[in-house]
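So that we are looking at the same thing, I have put the structure below in structure tokens.
The values are calculated or read from the model by the stated rules, or taken from the named source; none is laboratory data. Treat the numbers as computed from the prediction; the structure is a model and nothing was measured. Here the Cβ is made from the backbone with ideal geometry for all residues, glycine too, and neighbour counts use every protein chain on show.
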Amino acid sequence: MLILTKSIMAMMIGFIISALTGLIIIPLLKKLHASQSLSIYLERAHSSKKGTPTMGGLIFIIPTILITLIFIYLKKIEVTYTLIIVMFTFISYGIIGFIDDFLIIKKHNNKGLTKEQKFILQIIVATIFFYLFMRSGSEPLLWVHSLNFKLNIGWIYGIFILFILVATSNAVNLTDGLDGLAGGLSVICFLTFGIISWNAGWLEGYEDIALFAFTLVGSLLGFLLYNTNKAKVFMGDTGSLALGGLLGTYAILTRHEILLVLIGLVFVIETLSCIIQITVYKLTKKRVFPMTPIHHTFEKLGMKESDIVKLFWTAGLIASMLALIYGVWL
């Protein structure tokens, strides 16, 4: 009962602070003209979104970090290597996204950081992650729970960490194309990983990172007050990269990297649609989908944006419930 009470309290505080933060951040972003240019392929369909401010990820990043620091000060949360890794990755990827958004706004086009610059920054984050991970006493194991299979892969685990972080951050970034889509799916994913973390009693600081996840869930719900259709603000790369990097972090720390595919199923499908489209087009000069990521295909087929978001949320919720049955109950 205490665990449930703590979780609800964290979500409630996160929601309230995030909702209030939005009242401050959004007018400020509008005043600074922090709007992102629309893709030329979406100008007609998304013309009503022109001028909507971006960098809205600050609305859930700032409250989550602030509340966690308050919890630490009040000794409700202990500072462990596990929590440091979680906070470091969340903040680092948020900074990478913030720089990207800032350059896009400054240049008045959709060209921020180059792929090479992003990758270099992600390598730096992954390297520090691996160092903290090893200092925490964790082993660089490739661990498949269902088969009770463990393999120590040494320094190669650092490359594995980089792959997971890059893949998840890009997946959330690609999915962030419709009002409330990435934010709602992230609520489901982090609620799932919060529950999984509570069940990871073998992990040092498991309760602390669980509370962090629930705090973020509350903050994301506060953000969705302003991000669901018709959005008053976009999360931008500031938010999507932070969420994606953190999603990969929870999968690595709780040793559920494979289960991440099911928990983040919609993110995976969105990414695969882009990979398939690019690969087939390069080989045949033909397109498999009218437009990718795949949520834009549903738009091209005439489906309302709000209906697409609800459909994808439902798919994400079902996938996460199945993941919980396997990852916690069975």
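Right, HIS256: buried (at least 20 other Cβ atoms within 10 Å of the Cβ) and not in a helix (DSSP H, G or I) or not?
Values: buried (at least 20 other Cβ atoms within 10 Å of the Cβ): yes; not in a helix (DSSP H, G or I): yes.
Criteria met by HIS256.
Something else about it: Kindly establish whether LEU203 is surrounded by fewer than 24 Cβ atoms within 10 Å (Cβ to Cβ) and either touching a His at 6+ places or on another chain (Cβ under 7 Å) or in contact (Cβ under 8 Å) with a residue 24 or more places away in the chain (or both). Outline the logic, then answer.
Working: surrounded by fewer than 24 Cβ atoms within 10 Å (Cβ to Cβ): yes; either touching a His at 6+ places or on another chain (Cβ under 7 Å) or in contact (Cβ under 8 Å) with a residue 24 or more places away in the chain (or both): yes.
The answer is yes for LEU203.
Looking at GLY154 and the list (1) among the small types (Gly, Ala, Ser); (2) in contact with a helix residue (DSSP H, G or I) (Cβ under 8 Å, 6 or more places away or on another chain); (3) closer than 24 Å to THR80 by Cα, which single condition is not satisfied?
(2)
Across the stretch 237-268, what is the total count of residues that are touching a residue at least 40 places away in the same chain (Cβ under 8 Å) and farther than 14 Å from GLY57 by Cα? Please lay out each step first, then the result.
First, the residues of the stretch 237-268 that are touching a residue at least 40 places away in the same chain (Cβ under 8 Å): 237-260, 262-268.
Checking the rest, the ones that are also farther than 14 Å from GLY57 by Cα come to 247-260, 262-268.
The qualifying residues number 21.
Would you point out which residue out of VAL268, VAL233, VAL217 is within 30 Å of ASP307 (Cβ to Cβ) and surrounded by fewer than 20 Cβ atoms within 10 Å (Cβ to Cβ)?
Going through VAL268, VAL233, VAL217 in turn, the sole match is VAL268.
Listed here are the residues, each with its yes/no results for (1) of a type outside the set (A, V, I, L, M); (2) in contact with a Pro (Cβ under 9 Å, 6 or more places away or on another chain).
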| position | (1), (2) |
| --- | --- |
| ALA213 | no, no |
| VAL217 | no, no |
| ASN229 | yes, no |
| PHE234 | yes, yes |
| SER240 | yes, no |
| GLY245 | yes, no |
| ALA251 | no, no |
| LEU259 | no, no |
| ILE276 | no, no |
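Separate question: Looking at the stretch 147-160 only, could you name the residues that are in contact with a Pro (Cβ under 9 Å, 6 or more places away or on another chain) and either of a type in the set (A, V, I, L, M, F, W, C) or surrounded by 13 or more Cβ atoms within 10 Å (Cβ to Cβ) (or both)?
Step one: filter the stretch 147-160 for residues in contact with a Pro (Cβ under 9 Å, 6 or more places away or on another chain), giving 152-158, 160.
The answer is ILE153, TRP155, ILE156, TYR157, GLY158, PHE160.
Assess whether LYS76 counts as being touching a residue at least 60 places away in the same chain (Cβ under 8 Å), surrounded by fewer than 18 Cβ atoms within 10 Å (Cβ to Cβ) and of a type in the set (Lys, Arg).
For LYS76, the condition - touching a residue at least 60 places away in the same chain (Cβ under 8 Å), surrounded by fewer than 18 Cβ atoms within 10 Å (Cβ to Cβ) and of a type in the set (Lys, Arg) - is met.
When you go through PHE223, PHE212, PHE234 one by one, which is the residue that is in contact (Cβ under 8 Å) with a residue 12 or more places away in the chain, within 23 Å of THR314 (Cβ to Cβ) and out of contact with any strand residue (DSSP E or B) (no Cβ under 9 Å at 6 or more places or on another chain)? Before the answer, list the steps.
On the way: PHE212 fails: within 23 Å of THR314 (Cβ to Cβ); PHE234 fails: out of contact with any strand residue (DSSP E or B) (no Cβ under 9 Å at 6 or more places or on another chain).
When all the criteria are applied, what remains is PHE223.
Another question, then. With the requirement that a residue be part of a helix (DSSP H, G or I), of a type outside the set (Ser, Thr, Tyr) and buried (at least 16 other Cβ atoms within 10 Å of the Cβ), what does the stretch 289-303 give you?
Looking only at the stretch 289-303, we keep the residues that are part of a helix (DSSP H, G or I), and these are 294-300.
Filter once more, keeping what is of a type outside the set (Ser, Thr, Tyr): 294-296, 298-300.
Selection gives ILE294, HIS295, HIS296, PHE298, GLU299.
Which residues, taken from the stretch 114-124, are surrounded by fewer than 20 Cβ atoms within 10 Å (Cβ to Cβ) and among the basic types (Lys, Arg)? Let's see the steps before the verdict.
Within the stretch 114-124, the subset surrounded by fewer than 20 Cβ atoms within 10 Å (Cβ to Cβ) is 114-117, 119-121, 123-124.
Matches in the stretch 114-124: LYS115 only.
Per-residue answers, yes or no, for (1) among the aromatic types (Phe, Trp, Tyr); (2) surrounded by fewer than 20 Cβ atoms within 10 Å (Cβ to Cβ); (3) in a loop (DSSP other than H, G, I, E, B); (4) at pLDDT 90 or above:
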residue	(1), (2), (3), (4)
ILE105	no, no, no, no
GLY112	no, no, yes, no
TYR131	yes, yes, no, yes
SER186	no, no, no, yes
